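The values are calculated or read from the model by the stated rules, or taken from the named source; none is laboratory data. Everything quoted here is computed from the prediction, not taken from an experiment. Please note: Cβ atoms are built from the backbone with ideal geometry, for glycine as well, and neighbour counts cover all protein chains shown. For accessibility, only protein heavy atoms count, side chains too; no ligands or nucleic acids. Shrake-Rupley method; radii C 1.70, N 1.55, O 1.52, S 1.80 Å.
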Amino acid sequence: MNPDDLARFLRANPSFFEQNPELLETLHVPHPYGGRAIPLAERQTVALREKTRGLEARLAELIRFGEENDRISEKVHRLAVAMVGARDFPALVRSLYFHLREDFAVPHVALRVWGKSVPVDFEEAAPVDEAQRRFADTLGGPQCGPAAGNLFAPCFGESAAHVRSMALVPLGDTALFGMLVLGSEDAKRFYAEMGTLYLRRIGELCAAGVTARL
């Protein structure tokens, strides 16, 4: 009988060791962290301890993620309350910029709106060229990545040279009418594989606020 046959036999006969309990005391296997042999029962105990440590580490990780999500949700809630209370478009923009910069620690924030009646003297009404609009139409949702070569990097003006990573948040459901642009000097702040759930929610809040005030 080879090892595979033995493994199949034991899987097919789970009560084998119950019927032969003396084997648990007499069988010895190598210790996983040393050369000495230990009883099979002790080896099972070691395996259970390792599994328990792994589960505890996973639980701690899940708790940490949950706490972080709670903190982000609270920030999104504060942003939503502030935007709902904004009496007009200028107040809306101030609230948006303030909370993204102070609460979310995003140093560079720009909003561009097209297809709506934004007063021309507002920075948010700055021209968006056809290439930028076409690119925005292809996104389908928030996009994160390096700032180098990003078509919307010029939205940061003189600060664009210092921005290393960006997040683009399209505004509008059926038809785009704007873009929320976030930037950071940290190249790892906005990366391509990061989750975008909260960016999407912030974009929805921003889009609803802009639509209601223009």
Checklist entry - Percent of accessible area on the stretch 121-165 owned by carbon and sulfur, 1.4 Å probe? => result 51 percent
Checklist entry - Considering only the other residues whose Cβ falls under 13 Å of the Cβ of residue 71, what net charge follows from Lys and Arg at +1 and Asp and Glu at -1? => result -2
Checklist entry - Separation between the residue 52 and residue 4 pseudo-spin-labels, each 7 Å from Cα along Cα→Cβ, expressed in nm? => result 3.6 nm
Next on the checklist: What are the ³J(HN,Hα) couplings of the stretch 138-151, residue after residue, when phi is run through the Karplus curve with 6.51, -1.76, 1.60 and θ = phi - 60°? Round to Hz, x for glycine and proline.
Outcome noted: 8, 5, x, x, x, 10, 10, x, x, 7, 4, x, 6, 5
Checklist entry - Where Lys and Arg each count +1 and Asp and Glu each count -1, what net charge lies around residue 157 among other residues with Cβ under 14 Å from its Cβ? => result -2
Item to check | Relative packing of peptides 50-58, 173-181 - highest average C-beta neighbours within 10 Å first | outcome: 173-181, 50-58
